[in-house]
Amino acid sequence: MAAKTVEQPDVLTVEEARKRLRLGRNAMYDALTRNEIPNIRIGRKYFVPRVAFERMLAGEPVKAAG
């Protein structure tokens, strides 16, 4: 039987990124509003692009949106 490939979503929720960074809720939202963590904001909701987040964790430069 062949193994199924699980496709990961292109964006992380704030909660998913927060847990990986081991940050508290307030610290995470503070970092998002200061653009210290790559993010996409739609209305009042934040999303963290997976590729940019992985690059940030690897210490690579991440270009700010906009």
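The values are calculated or read from the model by the stated rules, or taken from the named source; none is laboratory data. Predicted model only: the values in this text are computed from it and were never measured. Every residue, glycine as well, gets a Cβ built from its backbone with ideal geometry; the counts of neighbours run over all protein chains shown. Note: accessible area is taken over every heavy atom of the protein model, side chains too, but ligands, DNA and RNA are not part of it. Shrake-Rupley method; radii C 1.70, N 1.55, O 1.52, S 1.80 Å.
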Next item on the list: Would you mention how many residues in the range 1-16 are surrounded by fewer than 10 Cβ atoms within 10 Å (Cβ to Cβ) and polar (S, T, N, Q)?
Entry: 2
Checklist line | Count - residues of the range 22-52 that are in a loop (DSSP other than H, G, I, E, B), open to solvent by 60 Å² or more (accessible area, probe 1.4 Å) and either among the polar types (S, T, N, Q) or closer than 17 Å to LYS63 by Cβ (or both) | finding: 3
Margin query: Looking at the structure I just gave you, is LYS19 open to solvent by 90 Å² or more (accessible area, probe 1.4 Å), on the phi < 0 side of the Ramachandran plot, among the basic types (Lys, Arg) and assigned to a loop (DSSP other than H, G, I, E, B)?
Written below: no
Checklist line | Selection from the range 53-66 of residues that are surrounded by 13 or more Cβ atoms within 10 Å (Cβ to Cβ) and basic (Lys, Arg) | finding: ARG55
